Amino acid sequence: MISSVLAGFGLGLSLIVAIGAQNLFVLRQGIRREHALAVALVCIVSDATLIAVGVSGLGALLHAVPWLIDAVRWAGAAFLFGYALLAARRALRPSGEALRVAAPGGAPADDTAADRPGTTLARTRLVPVLATCLALTWLNPHVYLDTVFLLGSVASTHGDTRWWFAAGAIVASTVWFLSLALWSRYLSRWLSTPRAWRVLDGVIAVVMAAIAVSLIWPR
């Protein structure tokens with residue numbers, strides 16, 4: 001049982017830690033201190049669902065419908081290209097929006113009434129943020145190939161303890177995304193200038209575009 005949990009934790013962590021669209025989005029939201037925990041929770045629940053699908057054997061069923069993966073691949077590429085263009089636009093033409101960067105003592109430097117949790121504006125912003133997070137997660141075919149097919153296949157080799165293997169992978173996902181959301185805010189002290197944010201958005205644009213190209217590039 002313990003060996004299955006550790007094996008699931010190790011494989012799950014190795015698949016999640018790689019730099020990708022989802023991790024970059026969580027990182028950006030954490031640095032901005034904008035719904036970071038909510039975004040992390042969406043990622044954790046999504047991963048847990050996909051892991052359960054793979055371990056239950058439904059991954060084999062999805063594998064029998066290759067057109068579904070192709071559809072997700074093209075939809076994901078289109079979405080990532082769109083997100084890359086938005087990030088590039090922010091890098092080239094900053095909108096001047098207030099960035100909630102850390103001030104001395106850890107308090108947000110521009111904690112206006114409109115940005116405080118519980119206000120109408122803050123609640124309105126949550127919906128598009130979570131929608132983007134869901135799209136980055138569920139429109140990424142690598143999620144299905146890695147989490148559902150690969151992790152599900154390895155879990156099947158653990159026989160009766162495959163669900164302990166799944167539990168280890170879910171714990172790895174939980175630890176990673178919570179750590180990314182909570183610790184990324186400390187990077188805000190190095191990203192307290194508009195120029196730094198333009199560089200970050202430029203990097204995000206390049207990575208997102210590269211991932212999109214990799215999804216549709218002939219293999």
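Every number in this text was worked out from the coordinates using simple rules, so none of it is lab data. These numbers come from a predicted model, not from an experiment. Cβ coordinates were reconstructed from backbone atoms using ideal geometry, including for glycine residues, and neighbour counts include every protein chain displayed.
Using the per-residue mean of other Cβ atoms lying within 10 Å as a proxy for protection, in what order, highest first, do the peptides 154-160, 196-202, 137-143 fall?
Put in order of decreasing packing, that is 137-143, 196-202, 154-160.
Based on the Cα coordinates of region 147-219, what is the per residue volume of their convex hull in Å³?
Cα-based convex hull of region 147-219, divided per residue, equals 100 Å³.
State the extension gain, in nm to one decimal, for the chain segment bounded by TRP67 and TRP183, taking 0.36 nm per residue of separation less the distance between their alpha-carbons. Kindly include the intermediate steps, with their values, before the conclusion.
Numbers: separation 116, 0.36 × 116 = 41.76 nm, distance 3.92 nm.
Gain on stretching TRP67 to TRP183: 37.8 nm.
Listed highest first by mean packing, meaning other Cβ atoms within 10 Å per residue, what order do 163-170, 129-136 come in?
Most protected by this proxy first, the peptides run 163-170, 129-136.
Calculate the spin-label point distance for VAL171 paired with ARG195, positioning each point 7 Å from the Cα along the beta-carbon direction, and give it in nanometres.
It is 4.6 nm.
Using the 10 angstrom Cβ neighbour count as an exposure proxy, how do SER179, SER56 rank, fewest first?
SER179, SER56
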